[in-house]
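Peer 1: The structure's right below; bear with me while I get my questions together.
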Amino acid sequence: MTPIVLGVPSQFFIAIASLGVMIFYSLQLTIAFLMAFLLIAAVNLLFLPTLQQKTRAQIVLGAILILDESTAALDPIIEAEVLDNIIPQKIPNHNYN
């Protein structure tokens, strides 16, 4: 078994024990913490598609920069065909030439 599989139950137990200590120490602070946690989780889920799209765009741009040297000796028509076959979708507002 991997350490991750073995570590998850112990981390879950630590989280539950910590939550119990927080509730014992101060119920109001625990509620405030849980509300802040839910707010942060909701904001992350709300912006997740945008972040994924921007990350994919950066990966594609990185691939284009790597291919720049290997396609430099090609004529423009062949270079465009190579890039069209490699890149599934064009990145908006980007000049490929």
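Peer 1: Can you sort M35, M22 by 1.4 Å-probe accessible area, starting with the largest?
Peer 2: Largest accessible area first, the residues go M35, M22.
Peer 1: Follow-up. Could you work out the local net charge near L48, counting Lys and Arg as +1, Asp and Glu as -1, over the other residues with Cβ closer than 15 Å to its Cβ?
Peer 2: +2
Peer 1: Compute the distance in nm between two label points, each set 7 Å from the Cα along the Cα-to-Cβ direction, one at N85 and one at A57.
Peer 2: Rounded to a tenth, the inter-label distance reads 2.8 nm.
The values are calculated or read from the model by the stated rules, or taken from the named source; none is laboratory data. Note that the structure is a prediction, hence the values are computed from the model and not measured. Ideal geometry is used to build each Cβ from the backbone, glycine not excepted, and the neighbour counts take in all protein chains shown. Surface accessibility is based on the protein's heavy atoms, side chains included, excluding ligands, DNA and RNA. Shrake-Rupley method; radii C 1.70, N 1.55, O 1.52, S 1.80 Å.
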